[in-house]
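Peer 1: I am attaching a structure below and will ask some questions about it afterwards.
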Amino acid sequence: MPVDNPPARASWDKTRIVNDLTVRLGLPCQTARAIASMVEERIFNLGLTAVPQSLIRQLVLAETVATLRAEHELQTA
């Protein structure tokens with residue numbers, strides 16, 4: 001019976017998220033830091049120090065969508 005590989009894990013690194021959001025997505029640094037802080041808070045609330053990379057990606061995606069949606073709504077109001 002094959003053994004499933006555990007998901008890749010990464011030590012928590014808020015700076016990597018900020019860099020990824022600013023370089024890959026072109027977000028302003030202030031927005032990227034806010035998103036990374038929200039992700040950090042969610043991870044800390046889970047009590048995790050080593051986090052599956054897939055969870056980090058999903059949390060970053062969710063917070064990015066929520067933040068950009070809120071910014072858009074504020075601009076069009």
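The values are calculated or read from the model by the stated rules, or taken from the named source; none is laboratory data. Keep in mind the model is a prediction, meaning the values are calculated, not measured. Using ideal geometry, Cβ is built from the backbone for each residue, glycine included, and neighbour counts are taken over all protein chains shown.
Peer 1: Would you pick out the residues in the stretch 42-77 that are surrounded by fewer than 12 Cβ atoms within 10 Å (Cβ to Cβ), at negative phi and not polar (S, T, N, Q)?
Peer 2: The answer is Phe44, Leu46, Ala50, Val65, Arg69, Ala70, His72, Glu73, Leu74, Ala77.
Peer 1: Follow-up. Which pairs turn up if I take residues in the stretch 1-28 that are under 19 Å from Glu40 (Cα atoms) and look for partners that are modelled with pLDDT of 65 or more and of a type in the set (D, E, K, R) with beta carbon separation below 7 Å, at least 6 apart in sequence or on another chain?
Peer 2: Lys14/Glu40; Val18/Arg33
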